[in-house]
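The structure under discussion appears below in the form of structure tokens.
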Amino acid sequence: MPVNKNFEYVKIVNKQSQEAFKIISGSSSSDRNLAIFNTSSIIKNNQNEILKANDIDIKNAKAKNLSNAFIDRLVLDDKRINEIIHGLKTISSMNDPIGIELSRWQQPNGLDISRISVPLGVIGIIYESRPNVTIDAGSLCIKAGNTVILRGGSDSINTSKILSRCLREGLASVNLPPNAVQMIENTDREAVTAMLQSSGEIDVIIPRGGRSLVEKVQQEARVPVFAHLEGICHLYVDKDANIDKATKLILNSKMRRTGICGALETLLVDKEISNQVIPIFVQELTKVGCHLKGDEETIKIDNSIELALETDWTTEYLEAILSIKIVDGVVGAINHINKYSSNHTESIVTENKDTAEMFLSKIDSSIVMHNASTQFADGGEFGMGAEIGISTGRIHARGPVGANQLTSFKYVVRGKDQIRD
């Protein structure tokens, strides 16, 4: 049988990553931090080249008639590059997540046992249009003493290649192995399949993208996966909400950036105030170009709204479209969310603390909020410097995946010559 070149290529990358892990996992925190900090300067020095490469990716995306939401996720400009640079500096200054004593106890027989954080290993990141994931994932893996194999989408390949090179130069600047960060530059989908079948060579796969990508990863992976499903995010406006505050939070949650996973997709409104507030919300959302869908009760209040279908409650629009549903108080909101949520991010707007606490305790999503925009569902906003993604699963990591979530642990047992009976 002929050797599949994609599988052979990925196997070589895996081996190089494993070799690099032996070195970086035992490296000093100061060296890893300096590698990350130096990368920020390297990116600044290469900013024009990065923007030129990104312009090629954007032109190619437009030629393919890809959606505006997709292109927005693809774009890097001076502001977003400055945010990347700031994130790198933040990550480099954060506490070392490795070697932390997570717990310690003594057994009756005198054994002293502690649980210590250690690097997770070789991490595979499979992502689509966001070139900034290259830097976020690479820097967080370096911070936690891991190696990373990056496989970005073909639509961002030109930008991602330069960004990964910047990370490799940052590692080389402190004599750490550049192969701690590697990019699969082959855009053939078989390379993804090869990564997913790299059991024993890649320790965990993290997918970052749409439902089709995540489902492919979950179905085909022979490697553990940190699940990141779509962000069907909800915001519930309670009868005790401040309406001015609620309006601002809705507009920001939906319209600040419509193409991110923390964007609001379904607005829930308490029926006790629906006649009063829905005309306000509709007016303000329409003003900024948001297309609205609603259930039958919402349309009775404003018949300019398109009737929502059952599928709308499970749709991640990632554009200026919002579904509105009237619910029977906080219990109705909780029931709707628990039925339709993707377990990403949900928020309640209310001045009633008891109602808020009920919502926060009864909603089983990775992020729950009170009086805050869903767009804060982001590792950078959580003080992590950056994130690899939002994990909606329950295994190992949940919510924003930062450096601390890219660790495992080992048990250290200190004895005094004890033997077991």
Leading residue by the ranking (farthest from GLU128 (Cα to Cα)) among those in the stretch 65-108 that are in a loop (DSSP other than H, G, I, E, B) and without any contact (Cβ under 8 Å) to a residue 12 or more places away in the chain = PRO108
State whether the residues of the stretch 130-149 include one that is of a type outside the set (Asp, Glu), without any contact (Cβ under 8 Å) to a residue 40 or more places away in the chain and at negative phi.
-> no
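This table checks each residue for (1) crowded, with 16+ Cβ neighbours inside 10 Å; (2) more than 17 Å from ARG168 (Cα to Cα); (3) not hydrophobic (A, V, I, L, M, F, W, C).
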site	(1), (2), (3)
PHE21	yes, no, no
ARG32	yes, no, yes
ASN38	yes, no, yes
LYS52	no, yes, yes
ILE58	yes, yes, no
LEU74	yes, yes, no
HIS86	no, yes, yes
THR90	yes, yes, yes
All conditions in (1) free of Cβ contacts under 8 Å to residues at least 24 places away in the same chain; (2) small (Gly, Ala, Ser); (3) part of a loop (DSSP other than H, G, I, E, B) are true of ALA227 except (1)
Determine which single condition ILE157 fails, assuming it passes every other condition in (1) crowded, with 24+ Cβ neighbours inside 10 Å; (2) in contact (Cβ under 8 Å) with a residue 60 or more places away in the chain; (3) farther than 22 Å from SER28 by Cβ.
-> (1)
Right, LEU102: touching a strand residue (DSSP E or B) at 6+ places or on another chain (Cβ under 7 Å) and within 27 Å of LEU406 (Cβ to Cβ) or not?
-> yes
Residues of the stretch 92-111 being aliphatic (A, V, I, L, M) and surrounded by 13 or more Cβ atoms within 10 Å (Cβ to Cβ), which ones?
-> MET94, ILE98, ILE100, LEU111
Report those strands (runs of 3 or more DSSP E) wholly inside the stretch 250-349 carrying at least 2 residues which are under 25 Å from the mean Cα position of the chain (by Cα).
-> 264-270, 321-327, 345-349
So which helices (runs of 4 or more DSSP H) are wholly in the stretch 115-213 and hold at least 2 residues that are within 15 Å of PHE37 (Cα to Cα) and under 20 Å from the mean Cα position of the chain (by Cα)?
-> 132-143, 157-172
Please work out which one of (1) acidic (Asp, Glu); (2) free of Cβ contacts under 8 Å to residues at least 40 places away in the same chain; (3) under 17 Å from THR134 (Cβ atoms) is the condition GLU8 fails and give its number.
-> (3)
Filter pass, SER366 being touching a strand residue (DSSP E or B) at 6+ places or on another chain (Cβ under 9 Å) and surrounded by 15 or more Cβ atoms within 10 Å (Cβ to Cβ) = yes
Read through the list (1) within 23 Å of ALA61 (Cα to Cα); (2) surrounded by 22 or more Cβ atoms within 10 Å (Cβ to Cβ), then give the number of the only condition that GLU185 fails.
-> (2)
What tally of residues in the stretch 385-402 results from selecting those that are touching a residue at least 24 places away in the same chain (Cβ under 8 Å), surrounded by fewer than 23 Cβ atoms within 10 Å (Cβ to Cβ) and part of a loop (DSSP other than H, G, I, E, B)?
-> 4
Is one or more of the residues making up the stretch 112-119 crowded, with 22+ Cβ neighbours inside 10 Å and either modelled with pLDDT of 95 or more or out of contact with any Leu (no Cβ under 7 Å at 6 or more places or on another chain) (or both)?
-> yes
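The values are calculated or read from the model by the stated rules, or taken from the named source; none is laboratory data. What you see is a predicted model; the values in this text were computed from it and never measured. Glycine also receives a Cβ, built like all others from the backbone with ideal geometry; neighbour counts cover every protein chain displayed.
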